[in-house]
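**Student:** I have a structure I would like to understand better, so I am pasting it below and will then ask my questions one at a time.
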Amino acid sequence: YAGDLDRFYTPLSTEQMDALLAHIVYNPESHNETLSFTVTNASLFELPGGAAGIAATAELGNQGYDLNTDPKATGDSFYYWGWKDQDGHGNRNRWALASELRMPVLASLNLSVAARYDQFRISGRQQGKLTYSAGLEWRPVESLLVRGSYGTAFRAPELHHLYAGKGSVDSGGIDYYRCATEQPDVPFDECDFSDEGFQLDRSGDLTLKPETSTSWTAGLVWSPTPELDFSLDWYNIEMRNQTQSLSVNKILQDEYDCRLGIDEDPASQFCADTIARVVRSNVDNHIASVHGGYVNIGMERTSGLDASANYRLDTRFGLFRFTANYTRVSTHERRDAPDAALV
């Protein structure tokens with residue numbers, strides 16, 4: 001193309017620059033309205049260790065948001081090339097009932113139990129869950145506390161993960177599948193397909209499930225003096241259906257694993273969903289686009305040990321606190337779908 005070099009090197013006028021520039025304005029709004037009723041009774045009935053107390057709560061609420069994204073950022077725009085931002089708006093109603101009971105069974109033994117039911121109404125669908133917990137504290141001697149707990153939890157998906165509109169951006173990554181099948185003797189980062197360009201699409205998903213979890217802890221606290229205490233706790237937490245945003249690299253790695261049957265069952269639903277996220281050309285098999293967004297992962301589980309030491313030194317110059325903490329993660333594993341491999 002033989003361009004006019006005089007025009008190419010001629011500075012733009014202020015009017016021409018103004019015609020090329022624009023303000024992209026977002027006006028996001030959100031609300032979280034809750035009406036709550038609570039009743040308490042600190043002396044519900046008597047036990048050998050003292051009076052049992054109870055608290056109960058009822059809640060009604062509405063949550064909503066609207067990104068109000070500038071239209072210039074959500075469509076084919078003169079101002080952006082290869083990028084389309086997400087819009088999103090939606091709301092949901094919810095209600096909940098909860099109660100907690102604390103019982104001093106003995107002077108040295110306390111027991112607490114709690115239960116809660118939450119229900120969300122989202123675009124004509126209902127998501128509800130009963131959760132509960134229990135805790136135990138036993139003090140065999142004045143300086144030693146033995147404690148333990150077990151509980152379940154429930155969390156509805158975030159509104160934007162449900163209602164986000166479709167957006168896209170120019171992206172890229174390693175085409176692990178083509179590298180492995182067309183250049184098997186070349187490392188991935190040196191393969192001819194190690195820097196492929198394609199479009200990444202993202203959007204919300206109204207079919208997302210709520211996140212749930214179970215956890216238990218057991219431990220003790222020892223206070224040999226009023227100024228010094230040590231604690232040691234073992235924890236075990238398992239989370240299911242966590243919502244996560246898929247990374248491009250993770251999608252391409254999973255596609256490679258699924259297509260070649262590496263640590264994954266190609267006939268699984270996980271592999272069917274993963275392969276469908278990578279759209280390839282029928283001509284040369286290059287990646288045309290990748291569909292990202294939000295998904296529920298199958299399970300994540302972790303366990304480990306927490307330890308701490310605290311010392312308080314009261315002087316005429318003030319109170320000084322010294323703390324040391326130690327955490328050891330014993331296990332940490334996850335499964336990206338109910339039928340995916342455990343990693």
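The values are calculated or read from the model by the stated rules, or taken from the named source; none is laboratory data. Since the model is a prediction, treat every value here as computed from it, not as a measurement. Methodologically, a virtual Cβ is constructed for each residue, glycine included, from the backbone with ideal geometry; neighbour enumeration extends over all protein chains shown. When the accessible area is computed, the model is the full protein with side chains, heavy atoms only, and any ligands, DNA or RNA have been set aside. Shrake-Rupley method; radii C 1.70, N 1.55, O 1.52, S 1.80 Å.
**Student:** How many times 2.2 N^0.38 Å is the alpha carbon radius of gyration of segment 1-112? Display every interim value, and only then the final one.
**Tutor:** Numbers: Rg = 31.1 Å, N = 112, 2.2 N^0.38 = 13.2 Å.
The reported ratio for this selection is 2.35.
**Student:** Let me ask something additional. Among the lysines in the chain, how many pairs, 8 or more places apart or on different chains, have alpha carbons under 23 Å apart?
**Tutor:** 8
**Student:** Run the accessible area of segment 304-343 with a 1.4 Å probe and give the carbon-and-sulfur part as a rounded percent.
**Tutor:** Answer for segment 304-343: carbon and sulfur cover 55 percent of the accessible area.
**Student:** For q values of 0.14, 0.16, 0.18, 0.21 Å⁻¹, compute log₁₀ I(q)/I(0) with the Debye formula on a Cα-only model of segment 60-196, without solvent.
**Tutor:** -0.85, -0.92, -1.01, -1.14
**Student:** With all pairs of different alpha carbon atoms counted, what Kirkwood hydrodynamic radius in Å does the chain show?
**Tutor:** So the Kirkwood estimate lands at 25.8 Å.
**Student:** Determine the distance separating the Cα centre of segment 2-58 from the Cα centre of segment 260-325; give it in Å without decimals.
**Tutor:** Segment 2-58 and segment 260-325 have Cα centres spaced 24 Å from each other.
**Student:** What number comes out for the charge environment of residue 159, summing +1 per Lys or Arg and -1 per Asp or Glu over other residues with Cβ under 11 Å away?
**Tutor:** My count for the surroundings of residue 159 gives -1.
**Student:** Something else about it: What do you get for Rg/Rh of segment 291-339 when both radii come from the Cα atoms and Rh is the Kirkwood radius?
**Tutor:** With Rh from the inverse mean 1/r over Cα pairs, Rg/Rh is 1.39.
**Student:** Of 218, 156, 309, which is the most mobile in a GNM of the chain whose springs link Cα atoms less than 10 angstrom apart?
**Tutor:** The residue that fluctuates most here is 309.
**Student:** Averaged per residue, what accessible surface does segment 155-242 expose to a 1.4 Å probe, in Å²?
**Tutor:** It amounts to 51 Å² per residue over segment 155-242.
**Student:** Over segment 193-258, what portion of Cα pair distances is larger than 17 Å, expressed as a whole percent? Provide the component values of the computation, followed by the final result.
**Tutor:** On the way: 1495 of 2145 pairs.
So the pairs more than 17 Å apart make up 70 percent of the total in segment 193-258.
**Student:** When only the heavy atoms of the protein chains count and the probe is 1.4 Å, how do 192, 339 rank by accessible area, highest first?
**Tutor:** The most accessible residue leads, giving 192, 339.
**Student:** Same structure again: Would you please put 121-131, 26-36, 254-264 in order of how densely packed they are, using the mean number of other Cβ atoms within 10 angstrom per residue and starting with the highest?
**Tutor:** Ranking, from highest mean packing down: 254-264, 121-131, 26-36.
**Student:** Output the 0 to 90 degree angle, nearest 10, between the alpha-carbon long axis of helix 248-260 and the longest principal axis computed from the alpha carbons of the chain.
**Tutor:** 80
**Student:** With a 1.4 Å probe and all protein chains kept in place, how much accessible area does residue 216 have, in Å² rounded to the nearest 10?
**Tutor:** Looks like 100 Å² after rounding.
**Student:** Once a ≥ b ≥ c are taken as the square roots of the eigenvalues of the Cα gyration tensor of segment 123-251, is the result rounded (a/c under 1.5), prolate (a/b larger than b/c) or oblate (a/b not larger than b/c)?
**Tutor:** oblate
**Student:** For the ranges 63-73, 46-56, what's the packing order if you count other beta-carbon atoms within 10 Å of each residue, average per peptide, and put the highest first?
**Tutor:** Numbers: 63-73: 16.7, 46-56: 14.5.
Packing order, densest peptide first, comes out as 63-73, 46-56.
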